[in-house]
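Comments concern the structure below.
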Amino acid sequence: MTDKKEKIVLKRHAFYRGFALPFIKLFSLIKHYKVKSHFKIKKGESYIILSNHQTDYDGFLIMLSFNRPLYPVATDTLMSNGISSKLLNHCFGIIPKKKGITDYEANKKMLQVFDEGGSLLLFPEGNRSYAEFQFSFTKAFAKFIKTIKKPVILFNIHGGTGCYPRFANKKRKGPFYGRIKKVLKYAEYKDMSDQELYDIISANLKVYDSASKDKYESNKRAEYLERIFFVCPKCGKTECLVSNRNYIECKECGLKIEYTNNLHLKPNDKEVNIKRMLDWYNYQIRYIRDLEVGDGVIFSDDNVGIYKSELYEKRSLISKGRIELYKDKLVIGDFTVNISDINIASPTGGRKFTLNTGDKSYIVIGEERFNPLKYVFMFNKLETKMKLNKTDIYYTLEERKE
């Protein structure tokens, strides 16, 4: 006798949504978020809501535009905070998904949501905006959408990279809002090729706050930019950048770059052609691609912790100390990971990155100015499983386009 499949869409989710809504509205006022679109989902209807991803709050803020519960899909490492993760899942039915790989269990749950009359909230990029560019997602995503045969709502979050940039600790003052960009009925896309549907989704989810005329005011605009940038674009030295207030400066050559209120970069040297974060990001990709790797330490940082990450369980510290990256191993305190065992890695938050080896998941957390990106870039250069199997579609060493 087979076990009865556990339901995902439950009456309690509507109850908790209604209970939480006033608090989410209050939270949106505190965060100065404005709802610019509302959409009424009729009883018995199911939709796929797709959105770009700019802040940690997007999943809750998007709820304010809809009258019924949405079932969000979230990275499984975000659901490894013990009781709070269990509570979020109990109240809102969040579906955990493994990052960077095809998660068949998560896919089955997504399909089950539609079978039970629910609507799904997905962030196709799988990542918060980093250096503002749109993260890639696979063409298979469009095929998955066509398989579901449900209407699609394309949603845009604007101003998140301006008000709450991923590298920063402090909010900036500026416009922050969400709105529906486009609604696609199944009849409109059922005869499209996968490529055509992918192109429509990608184009309508693309948001660049630096391309707008909006301004984001703060007297600490550049603080913690070294969480993203680790190579000086003038002298090419690494781990020599220090941010302070509205500037980031190289301790080696004296280059000083202002992060302006319209989200552009303004170097004090006209020979340095870095105007936006994307320019600097691509410069770093070229640096890593051209880097000759020897037998010594490639990158290192002090006071870094590695934690075991398990779904719905509280994270547990494995080791803490100096992190050292070699071409064949990653050492954190007294804990060693073989480079060849790394399946997937990805920056999460300003000073963290996730790391998967086999069926084990870890979170690596550094100090305030720790840069996780340089390690993940190197995992895509060294002989890791993620490089061999091409599982990382987010932080590859291909230059990004606007």
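The values are calculated or read from the model by the stated rules, or taken from the named source; none is laboratory data. Remember, it's a predicted structure, so these values are computed and weren't measured experimentally. Cβ coordinates were reconstructed from backbone atoms using ideal geometry, including for glycine residues, and neighbour counts include every protein chain displayed. We work out accessible area using only protein heavy atoms, side chains counted, and drop any ligands, DNA or RNA first. Shrake-Rupley method; radii C 1.70, N 1.55, O 1.52, S 1.80 Å.
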Discussion item. For region 249-259, give me each residue that is open to solvent by less than 90 Å² (accessible area, probe 1.4 Å) and farther than 15 Å from Pro165 by Cα.
Written reply: Glu249, Cys250, Cys253, Gly254, Leu255, Lys256, Ile257, Glu258
Discussion item. Tell me the residue from Lys401, Lys390 that is over 30 Å from Ala168 (Cβ atoms) and either open to solvent by 50 Å² or more (accessible area, probe 1.4 Å) or not in a helix (DSSP H, G or I) (or both), please.
Written reply: Lys390
Discussion item. I'm trying to understand the selection: among the residues of region 260-286, which are surrounded by 18 or more Cβ atoms within 10 Å (Cβ to Cβ) and among the hydroxyl-bearing types (Ser, Thr, Tyr)?
Written reply: Tyr281, Tyr283
Worksheet, complete the sentence: Result of the Cβ filter at 7 Å on region 294-318, keeping first residues that are within 28 Å of Ser85 (Cβ to Cβ) and partners that are open to solvent by 70 Å² or more (accessible area, probe 1.4 Å) and not in a strand (DSSP E or B), at least 6 apart or interchain, is Asn303/Glu367; Tyr312/Lys86
Item to complete: Working only within region 134-181, note down all residues that are among the aromatic types (Phe, Trp, Tyr) and over 28 Å from Thr396 (Cβ atoms).
Response: Phe176, Tyr177
Practice prompt. Return the only residue of Glu132, Glu116 being open to solvent by less than 30 Å² (accessible area, probe 1.4 Å), charged (D, E, K, R) and modelled with pLDDT of 85 or more.
Written response: Glu132
Discussion item. Go through region 331-345 and report how many residues are assigned to a strand (DSSP E or B) and open to solvent by less than 30 Å² (accessible area, probe 1.4 Å).
Written reply: 6
Practice prompt. State which residue is farthest from Lys215 (Cα to Cα) when the search covers only region 243-288 and only residues that are aliphatic (A, V, I, L, M) and in contact (Cβ under 8 Å) with a residue 40 or more places away in the chain.
Written response: Ile288
Practice prompt. For region 364-380, name all the residues that are among the β-branched types (Val, Ile, Thr) and open to solvent by 20 Å² or more (accessible area, probe 1.4 Å).
Written response: Ile365
Item to complete: Please identify the pairs in which a residue from region 6-17 that is among the hydroxyl-bearing types (Ser, Thr, Tyr) has its Cβ atom under 9 Å from the Cβ atom of a residue that is not in a helix (DSSP H, G or I), counting only partners at least 6 apart or on another chain.
Response: Tyr16/Pro69
Worksheet item: Hey, among the residues in region 206-240 that are assigned to a strand (DSSP E or B) and either of a type in the set (D, E, K, R) or open to solvent by less than 20 Å² (accessible area, probe 1.4 Å) (or both), which one's modelled with the lowest pLDDT?
Response: Glu217
Item to complete: Quick one: which residue in Ile285, Ile306, Ile274, Ile248 is touching a strand residue (DSSP E or B) at 6+ places or on another chain (Cβ under 7 Å) and not in a strand (DSSP E or B)?
Response: Ile274
Worksheet item: What do you reckon, is Ser51 in contact with a Phe, Trp or Tyr (Cβ under 6 Å, 6 or more places away or on another chain) and either open to solvent by less than 60 Å² (accessible area, probe 1.4 Å) or modelled with pLDDT of 95 or more (or both)?
Response: yes
